[in-house]
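Enquirer: Below you will find the structure I want to go over with you.
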């Protein structure tokens with residue numbers, strides 16, 4: 001069975017936690033395409049211009065296209081004071097791939113459209129690609 005490529009759409013504040021999960025996700029056959037998690041070349045706090053924001057958005061959309069599907073992390077609820085990119089990313093993934101997986105609770109009608117749902121990433125890793 002070939003590896004499954006996933007784009008993880010999550011709060012930026014979850015980045016460090018997700019970095020620690022990458023080896024276990026890889027061991028379960030999931031290759032993460034989300035460069036916002038793996039690359040240190042962008043200081044997200046320093047992005048100021050519209051063109052810089054567009055470059056980041058284009059890169060994320062490219063990463064979504066390289067994935068087999070999107071995994072939407074809804075843990076932690078809504079973002080206060082900005083953010084919200086994960087919801088947009090999940091929508092792009094749904095439109096492009098026809099489905100997505102959700103990790104965490106559903107708090108939007110769209111979240112119920114997830115093909116598979118998991119309480120947390122630990123459960124997703126245990127479940128694997130079945």
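The values are calculated or read from the model by the stated rules, or taken from the named source; none is laboratory data. Computed from a predicted structure; not experimentally measured. With ideal geometry, Cβ positions are generated from the backbone for all residues, glycine too; neighbour counts draw on all protein chains shown.
Enquirer: Looking only at segment 3-17, which residues are over 12 Å from residue 35 (Cβ atoms) and in a helix (DSSP H, G or I)?
Expert: 12, 13, 14, 16, 17
Enquirer: Among (1) closer than 14 Å to residue 86 by Cα; (2) assigned to a helix (DSSP H, G or I); (3) at pLDDT 95 or above, there is one condition residue 25 misses while meeting the rest; what is its number?
Expert: (1)
Enquirer: May I pose another question? Of the residues that sit in segment 28-44 and are at pLDDT 90 or above, in contact with a helix residue (DSSP H, G or I) (Cβ under 9 Å, 6 or more places away or on another chain) and part of a loop (DSSP other than H, G, I, E, B), which one is surrounded by the fewest Cβ atoms within 10 Å (Cβ to Cβ)?
Expert: The residue in question is 28.
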